Amino acid sequence: MAERGGHAHPTTSRKVLVAVGGQEIDAETVRLACRMTDPQGGRLYGVHIIEVNRSLPLGAVLDDVVERGEKILDEVEKLAAAAQLPVETELVQARDTGPALVDEAVEWGADLIVMGLPYKRRFGEFNLGKTVPYVLKNANCRVMLFREHREHREGTE
């Protein structure tokens with residue numbers, strides 16, 4: 001355990017929330033979240049947020065989107081089972097992903113939020129989007145970002 005200025009930071013957390021969005025980086029992000037979860041009594045909470053357009057009621061049932069979200073969460077459950085960790089998953093419909101993730105973390109009592117970050121460019125520059133800065137600014141627990149390898153998106157495979 002590293003100590004800096006008298007503050008010890010544990011290498012694992014009891015309650016880890018992992019945000020999954022259906023990107024290629026999700027599986028690696030969930031594996032990282034599993035490694036960050038305390039093997040003695042730790043719990044993993046996989047969350048997929050469905051952003052509902054403001055022109056629709058928040059409770060609008062978007063069958064194809066819900067079905068896709070459930071498949072994404074099924075994968076989280078498989079990866080957690082492979083790591084022998086207890087897992088809960090939740091499909092949340094919200095207007096914005098950032099506030100929904102922060103609210104889920106507070107409600108569940110998360111010690112750590114783990115998020116994957118696809119390597120995206122906007123106007124030729126690397127871009128964090130709007131969700132990551134919101135979560136970094138507003139989460140009341142630790143946040144770990146797992147950024148996709150830069151060449152993964154740019155290179156030709």
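The values are calculated or read from the model by the stated rules, or taken from the named source; none is laboratory data. Just so it is clear, the model here is predicted, and its values are computed rather than measured. Positions of Cβ are backbone-derived with ideal geometry, glycine not excepted, and every protein chain shown enters the neighbour counts. Ligands, DNA and RNA are stripped out before the accessible areas are found, and what is left, the full protein with its side chains, is counted by its heavy atoms. Shrake-Rupley method; radii C 1.70, N 1.55, O 1.52, S 1.80 Å.
Things worth noting here:
- Summarising the strand pairing of the chain, around 15 percent of its internal DSSP beta bridges are antiparallel.
- Distance (nanometres) between label positions extended 7 Å along Cα→Cβ at N138 and N53: 2.3
- Put simply, the amide H of R43, placed in the peptide plane, has neighbours under 5 Å in K15, V16, D38, leaving out anything fewer than 5 places away on its chain.
- Per-residue ³J(HN,Hα) for segment 57-70, Karplus 6.51 cos²θ - 1.76 cosθ + 1.60, θ = phi - 60°, Hz, x for Gly and Pro: x, 4, x, 4, 8, 10, 3, 5, 6, 5, 4, 4, x, 5
- Gyration tensor verdict on segment 36-88 (Cα atoms; rounded if a/c is under 1.5, prolate if a/b is larger than b/c, oblate otherwise): prolate
- Principal semi-axes in Å for segment 68-138 [√(5λ), Cα gyration tensor, largest first]: 24, 16, 12
- Set of segment 95-129 residues, backbone N closer than 14 Å to the point 7 Å along the Cα-Cβ line of L62: 95-98
- Using the Cβ-Cβ distance between A81 and H149 with R0 set to 25 Å, the FRET efficiency from 1/(1 + (r/R0)^6) comes to roughly 0.40.
- When Rg and Dmax of the Cα atoms in Å is calculated for this entry, the matching label among (i) 25.6, 78; (ii) 15.1, 45; (iii) 16.1, 51 is (iii).
- Pairwise label distance in nanometres, V92 with E70, each label 7 Å out on the Cα-Cβ vector: 2.1
- Burial order of peptide ranges 75-87, 16-28 (average beta-carbon count within 10 Å, highest first): 16-28, 75-87
- Over segment 78-157, accessible surface divided per residue gives 61 Å², non-protein components excluded, 1.4 Å probe.
- Heavy-atom surface analysis with a 1.4 Å probe gives segment 57-145 a carbon and sulfur content of 51 percent of its accessible area.
- R0 of 22 Å, Cβ-Cβ distance N127-E28: FRET efficiency to nearest 0.05: 0.65
- Relative contact order %, the chain, counting alpha carbon pairs below 8 Å whose residues are six or more apart: 26
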